[in-house]
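The values are calculated or read from the model by the stated rules, or taken from the named source; none is laboratory data. Since the structure is predicted, the reported quantities are computational estimates derived from the model, not experimental observations. Methodologically, a virtual Cβ is constructed for each residue, glycine included, from the backbone with ideal geometry; neighbour enumeration extends over all protein chains shown.
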Amino acid sequence: MSEPLLGTERWPVPPGAHVERLEMPDGTGIRAVRWTPEAATRGTVVVLNGRTEYLEKYNETHAALLERGFAVASFDWRGQGLSDRPLPDRLKGHVARFDCYLEDLDQLQDDFIVPHCPAPFTMLAHSLGGNLGLRALARRPGFFERAILSAPMWCVGAGLRIPGPMRVGLAVAHALGLGKLAPPRGSGPNDPRFERFEENGLTSDPERFLETREMLRVEPRLSLGSPTIDWFRLAVASMDLLFEPGWPEAIETPICICTPGADQIVSPAAQEALASRLPRAELHRFEGAQHELLIERDEFRNAFWQRFDAFFGVT
């Protein structure tokens, strides 16, 4: 067993959570949770969260899924939340290989989800989760019946691909042995607990923003700051893979892509470009919404859930 999930008055933990800590082959401990109520008649939604995120941030989302008749399974990616982190400085976002994420997901599917959660399995993935989730659809075709991706990380910034000078800089820094350095977050501290609402590019909802910061103040171990140079270098390679000739065209899973129109973190243009190459993808743009649709104002969240219900046939 693992530590129980943290809840707040506004975002309580849905009842019936089973929290477990699983050990990966390299010894990394991964914190995972599942809800499998008897009323879950629609199968299981596997939630893949974004970089810096943690299970508790999705209490509201988990509750909404349970209310729709789904079982739910999720986990903290290695290097974030209360899963093990590879560096002594917990605020540095780092991973040795991006494939480690996918290998962890493989083991969680085999040892945590399939034995305990009802099929069919569907995916709800955000940002980094949308990058890894698309790769998981190619890696294990047929495991997920369908997928809905919120602001998937298919390129950061506004363009279609990472600019050449940035790639050169990352390669040089890695060659110089600087890969485990984490650039500062703008001019402020490298700790999201101290970020002000006016500085954030994640949500336009001040109450939900403050709720996430309250969770970090109650449990500081959940905080994660900037990614290391090597994390970003590996992320670029993972994003590049998605655009390789023939790669997206081979994915047959039905996919719904939800693109926040005011996203300043990942690229809406990259989502549109890749969506046009996925055989069974539909893209819906949410004008005015920022990066975190599931932590946004009610008008955007309600629009997202309407799209979710239509895609999954929830009535």
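Whether any residue in the range 13-20 is touching a Ser or Thr at 6+ places or on another chain (Cβ under 9 Å), surrounded by 17 or more Cβ atoms within 10 Å (Cβ to Cβ) and modelled with pLDDT of 95 or more is what I want to check. Scanning the range 13-20 turns up at least one residue that is touching a Ser or Thr at 6+ places or on another chain (Cβ under 9 Å), surrounded by 17 or more Cβ atoms within 10 Å (Cβ to Cβ) and modelled with pLDDT of 95 or more. Kindly establish whether R10 is more than 19 Å from the chain's Cα centre (by Cα) and either assigned to a loop (DSSP other than H, G, I, E, B) or buried (at least 17 other Cβ atoms within 10 Å of the Cβ) (or both). For R10, the condition - more than 19 Å from the chain's Cα centre (by Cα) and either assigned to a loop (DSSP other than H, G, I, E, B) or buried (at least 17 other Cβ atoms within 10 Å of the Cβ) (or both) - is met. Do the conditions hold for R196, that is, is it at pLDDT below 95, farther than 17 Å from L160 by Cβ, surrounded by fewer than 20 Cβ atoms within 10 Å (Cβ to Cβ) and charged (D, E, K, R)? It is true that R196 is at pLDDT below 95, farther than 17 Å from L160 by Cβ, surrounded by fewer than 20 Cβ atoms within 10 Å (Cβ to Cβ) and charged (D, E, K, R). In the range 272-283, what residues are part of a loop (DSSP other than H, G, I, E, B) and either among the charged types (D, E, K, R) or within 18 Å of the chain's Cα centre (by Cα) (or both)? Once the filter is applied, which keeps residues that are part of a loop (DSSP other than H, G, I, E, B) and either among the charged types (D, E, K, R) or within 18 Å of the chain's Cα centre (by Cα) (or both), the range 272-283 yields R277, R280. Among the residues of the range 35-54, the ones that are in contact with a Phe, Trp or Tyr (Cβ under 7 Å, 6 or more places away or on another chain) and not small (G, A, S) come to 6 in all.
Looking across the range 21-47 at every residue that is exposed (fewer than 14 other Cβ atoms within 10 Å of the Cβ) and under 18 Å from L102 (Cβ atoms), the one that is nearest to the chain's Cα centre (by Cα) is identified as E23. Taking the listed residues V266, V314, the one that is under 16 Å from the mean Cα position of the chain (by Cα) and β-branched (V, I, T) is V266, with no other qualifying.
Kindly establish whether T44 is over 22 Å from T212 (Cβ atoms), among the β-branched types (V, I, T) and touching a helix residue (DSSP H, G or I) at 6+ places or on another chain (Cβ under 8 Å). Yes; evaluated as a whole, the condition is true for this residue.
Whether a residue is of a type in the set (D, E) and either more than 19 Å from the chain's Cα centre (by Cα) or crowded, with 21+ Cβ neighbours inside 10 Å (or both) was assessed, and E219 passes this test.
So that you can scan it fast, the table gives a plain yes or no per residue for (1) in contact with a His (Cβ under 8 Å, 6 or more places away or on another chain); (2) in contact (Cβ under 8 Å) with a residue 12 or more places away in the chain; (3) not aliphatic (A, V, I, L, M):
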site: D263; (1), (2), (3): yes, yes, yes
site: L274; (1), (2), (3): no, yes, no
site: L278; (1), (2), (3): no, yes, no
site: E287; (1), (2), (3): no, yes, yes
site: H291; (1), (2), (3): no, yes, yes
site: I295; (1), (2), (3): no, yes, no
site: Q306; (1), (2), (3): no, no, yes
site: D309; (1), (2), (3): no, yes, yes
site: T315; (1), (2), (3): no, no, yes
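Only residues that are assigned to a loop (DSSP other than H, G, I, E, B), surrounded by 14 or more Cβ atoms within 10 Å (Cβ to Cβ), over 18 Å from the mean Cα position of the chain (by Cα) and in contact (Cβ under 8 Å) with a residue 40 or more places away in the chain were counted in the range 135-166, giving 3. The residues on offer are D298, D263, D240, and the sole one that is surrounded by 13 or more Cβ atoms within 10 Å (Cβ to Cβ), within 19 Å of P206 (Cβ to Cβ) and not basic (K, R) is D263. If you go through the range 55-74 and pick out every residue that is in contact with a Phe, Trp or Tyr (Cβ under 8 Å, 6 or more places away or on another chain) and either crowded, with 23+ Cβ neighbours inside 10 Å or on the phi > 0 side of the Ramachandran plot (or both), you end up with 7. Taking the criterion of being under 13 Å from A151 (Cβ atoms) and not in a helix (DSSP H, G or I), the residues of the range 284-312 that qualify are H284, R285, F286, A289, Q290, H291, E292, E296. With respect to E214, is the statement that it is charged (D, E, K, R), in a helix (DSSP H, G or I) and either surrounded by 15 or more Cβ atoms within 10 Å (Cβ to Cβ) or in contact (Cβ under 8 Å) with a residue 40 or more places away in the chain (or both) true? Taking the combined requirement at face value, the residue satisfies it. Applying the criterion of being in a loop (DSSP other than H, G, I, E, B) and of a type in the set (A, V, I, L, M) to the residues of the range 107-133, the residue that is surrounded by the fewest Cβ atoms within 10 Å (Cβ to Cβ) is A119.
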